[in-house]
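The values are calculated or read from the model by the stated rules, or taken from the named source; none is laboratory data. Since this is a predicted model, take the numbers as computed values, not measurements. Cβ coordinates were reconstructed from backbone atoms using ideal geometry, including for glycine residues, and neighbour counts include every protein chain displayed.
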């Protein structure tokens with residue numbers, strides 16, 4: 001996705017990727033020597049790819065931003081989806097592209113899950 005945003009993208013987001021995002025990510029993994037450990041999750045999960053998984057009971061929220069692809073019925077097979085949002089703005093890097101939408105969506109997901117405030121003693 002990053003590659004296609006850089007090569008095929010246009011406008012200011014392309015320059016954010018070229019000038020900030022890519023060098024920052026490369027530096028983060030290079031300077032902290034964590035490139036291998038960041039790939040470990042994918043390496044370990046390769047055998048389970050496509051296998052049926054146990055359904056999670058953890059309340060799950062999904063935010064689908066423009067150009068993201070997610071099919072609700074497939075997600076619901078393995079997760080207890082309690083919050084589903086779709087947006088016309090934003091994209092793969094929603095925190096950079098549409099932080100206002102992302103923040104409100106996260107707050108909306110957690111609001112009903114929060115414990116009521118305790119009265120003062």
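Observations
- Candidate set: segment 27-59, residues that are assigned to a loop (DSSP other than H, G, I, E, B) and in contact with a helix residue (DSSP H, G or I) (Cβ under 9 Å, 6 or more places away or on another chain); chosen: the one farthest from residue 75 (Cα to Cα): 34
- Search result, residues across segment 77-91 that are surrounded by fewer than 17 Cβ atoms within 10 Å (Cβ to Cβ) and in contact with a strand residue (DSSP E or B) (Cβ under 6 Å, 6 or more places away or on another chain): 80, 81, 82, 84, 85, 86
- Among residues of segment 92-121 being farther than 29 Å from residue 55 by Cβ and surrounded by 14 or more Cβ atoms within 10 Å (Cβ to Cβ), the one that is modelled with the lowest pLDDT is 93.
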